[in-house]
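The values are calculated or read from the model by the stated rules, or taken from the named source; none is laboratory data. Keep in mind the model is a prediction, meaning the values are calculated, not measured. Glycine gets a Cβ as well: all are built from the backbone with ideal geometry, and neighbour counts include every protein chain shown. Calculation scope for accessible area: heavy atoms of the full protein, side chains included, ligands and nucleic acids excluded. Shrake-Rupley method; radii C 1.70, N 1.55, O 1.52, S 1.80 Å.
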Amino acid sequence: MAISTSTPPDGPSGTMPTGTDPDPDGDLLRRRTLLHRLDVGGAPYAFIAPFFVVFAAFSLYPLIYTWWISLHRVELSTLNLMEWVGFDNYTALWNDERFWNALLNTFTIGVLSTVPQLMMALGLAHLLNYQLRGSTFFRVAALTPYATSVGAAALVFTMLFERDFGMINWMLNLVGVDNIDWENNKWAAQTAISTIVIWRWTGYNALLYLAAMQAIPRDRYEAAAIDGASRWQQFLKVTVPGIRSTIVFTIVLSTIGATQLFGEPLIFGQGPNGITGGADNQYQTLGLLLYEEGWKNYQMGRAATVAWAMFLLLIVVFVVQQVVRRVLARRT
């Protein structure tokens, strides 16, 4: 069977016919080069774009809208009716004694819960870092309180700290200590709330420390042992400096958590006193004050102002933490 091998005829002067691409291979190469550049340069942005879209929708937009609401007088039942008041809400909050009381309570509960929590987590992680039989079980057990819901944990601890029939007072009675009114006494209530926070988050932080400890090279411990360092000296001179960045990370996380403390004091109050943080606001945190302004007093503008005060407070804490870290880094 014959196969035709004829080619298209040239133009009158022997050139390519009109409308024919003079260099099809060059155009194909340019298109491929452009697609390659888009693939290399644009693919990373395409992959991370979903995160920024979600962040803009659920974090950035609510933040900006909350700031906008804080500049208005808005009631919960009529959110579409806003009256511009400028910075009056911020001025009123600055002169409100409840704000300073809530800020002080947030700070004291944060210290009472964060310092023991991180120290216990550090010690627990140090123990789990040894070669133990059944170490996986102990690591899972340490994380169990974190998996417990805030409501369940707070309800159980509220029963334990009950004044007349609680187990804590029963145990104290055995050693001759009279019943403590855990809810109405300011420091007793803050200690009880801090205990709930410590119980829930110690295991979580311990596993973070444990992961950081296991990344420390073993030859450092061997060198320290050869130099005659005891277990305690190895912990202070090798372990703690080796996980310094993780310790700073957990301090930042705990500070953020303490600033947003809400569920534990709300449930500990068992009713209307939970919203106000006790009859005398003895354990009202900034989170509870925000809830009281918005969902009890129906003043969403003032509630938004409290939210922005919490946000600015976290920024200040972050800046202070960065300054302290740099000062310590220069000294070492």
task: Could you run the Karplus curve 6.51 cos²θ - 1.76 cosθ + 1.60 with θ = phi - 60° over region 87-96 and give me ³J(HN,Hα) per residue in whole Hz, x for Gly and Pro?
output: 9, 4, 5, 5, 5, 5, 5, 4, 8, 8
- request: Over the chain, with every protein chain in place, what whole percent of the accessible area is carbon and sulfur at 1.4 Å, could you tell me?
  value: 67 percent
- request: Express the C-alpha Rg of region 209-272 as a ratio against the empirical globular expectation 2.2 N^0.38 Å, rounded to two decimals.
  value: 1.74
message: Please give me the summed charge of the neighbours of Glu292: other residues whose Cβ is under 12 Å from its Cβ, Lys and Arg +1, Asp and Glu -1.
response: +1
- request: First select every other residue whose beta carbon is under 15 angstrom from the beta carbon of Arg325; then total the charges, Lys and Arg +1, Asp and Glu -1.
  value: +4
query: To the nearest 10 square angstrom, what accessible area does Tyr204 show with a 1.4 Å probe?
result: 60 Å²
- line: Most fluctuating of Thr136, Thr106, Thr195 in the GNM of the chain (C-alpha, under 10 Å) is Thr136
message: Using protein chains only and a probe of 1.4 angstrom, how many square angstrom of Asp25 are accessible, to the nearest 10?
response: 120 Å²
statement: Rounded to two decimals, the Debye log10 I(q)/I(0) of region 167-225 (Cα scatterers, no solvent) at q = 0.22, 0.25 Å⁻¹ is -0.92, -1.02
query: Solvent-accessible area per residue for the chain at a 1.4 Å probe radius, Å²?
result: 64 Å²
- request: Would you kindly derive the ³J(HN,Hα) couplings of region 184-198 from the backbone phi angles with the Karplus curve 6.51 cos²θ - 1.76 cosθ + 1.60 (θ = phi - 60°), listing them in order in whole Hz, with x for Gly and Pro?
  value: 8, 8, 4, 6, 5, 5, 5, 5, 5, 5, 5, 4, 4, 5, 4
query: Counting only protein chains, not ligands or nucleic acids, how are Arg37, Arg331, Arg220, Arg200 ordered by accessible area (probe 1.4 Å), most first?
result: Arg331, Arg37, Arg220, Arg200
query: Rank Met82, Met171, Met119 by accessible area, highest first, at a 1.4 Å probe radius?
result: Met119, Met171, Met82
field: Arg31 accessible area, assembled protein chains, probe 1.4 Å, Å²
entry: 130 Å²
message: What whole-number volume per residue, in cubic angstrom, does the convex hull of the C-alpha atoms of region 225-332 give?
response: 132 Å³
query: What 222 nm value per residue comes from the helices of the chain, counting each DSSP H run with n ≥ 4 as -39,500 (n - 2.57) and dividing by all residues, nearest 500 deg cm²/dmol?
result: -22000 deg cm²/dmol
- prompt: What length, rounded to one decimal in nm, is gained on full extension from Leu132 through to Leu81, with 0.36 nm per residue of separation minus their alpha-carbon distance?
  reply: 12.0 nm
task: Pick out which of Ala192, Ala141, Ala206 has the largest mean-square fluctuation in a Gaussian network model of the chain, springs linking Cα atoms closer than 10 Å.
output: Ala141
- prompt: HN-Hα J couplings of region 200-207 from phi, Karplus 6.51/-1.76/1.60, θ = phi - 60°, integer Hz, Gly and Pro as x?
  reply: 6, 10, 5, x, 4, 5, 4, 5
- prompt: Helix 150-160 versus the longest principal axis of the chain: what is the Cα-based angle in degrees, 0 to 90, to the nearest 10?
  reply: 10 degrees
query: Taking 0.36 nm per residue of separation and subtracting the Cα-Cα distance, what length does fully extending Trp100 through Tyr298 add?
result: 69.2 nm
Under 5 Å, built H, 5+ apart or other chain: amide partners of His72: Val85
- line: Taking only Cα atoms of the chain, the Rg to Rh ratio with Kirkwood Rh works out at 1.23
- prompt: So how do Val240, Val40 rank on accessible area, 1.4 Å probe, biggest first, that is with the largest at the start?
  reply: Val40, Val240
